[in-house]
Amino acid sequence: NHGKASLVALAADCSPLEIILHLVLLCEDKGVPYIFLPSQAVIGNMAELSKSVSACCFGKNDNIAREVTDVIQKVENLM
């Protein structure tokens, strides 16, 4: 909501899914790309966390900014 996000990853196995669906609307409102990944564990690993998480925001200044930019380009090419 503060303009710091460059990509949001959401877990498709979140139960109930309504817990994270408001983030889709927020991303669309702010023009931030988002992707659904198969599991909470995948997002946790991607964010270098020791536990599973339902959603993760990758910032513009994160140490993986180059990888995030590559993912955004791939998502935009699919659209």
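The values are calculated or read from the model by the stated rules, or taken from the named source; none is laboratory data. Quantities reported herein were computed from a predicted structural model and do not represent experimental measurements. All Cβ positions, glycine included, derive from the backbone under ideal geometry; neighbour counts span all protein chains shown. Surface areas here come from the heavy atoms of the whole protein model, side chains and all, with no ligands, DNA or RNA. Shrake-Rupley method; radii C 1.70, N 1.55, O 1.52, S 1.80 Å.
Summary of values
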item	result
Cα-based reach from LYS74 at 12 Å (exclusive), listing aspartates and glutamates while leaving out same-chain residues under 8 positions away	none
Value at 222 nm in deg cm²/dmol, rounded to 500, when DSSP H runs of n ≥ 4 in the chain each add -39,500 (n - 2.57)	-13000 deg cm²/dmol
Share of carbon and sulfur in the accessible heavy-atom surface of the chain [1.4 Å probe, %]	54
Residue-span extension gain [LEU21 to LYS51] - 0.36 nm each, minus C-alpha spacing	8.7 nm
Spin-label pair LYS30/GLU76, simplified geometry with 7 Å Cα→Cβ offset, distance in nm	1.8
Accessible surface, the chain, averaged per residue in Å² (probe 1.4 Å)	69
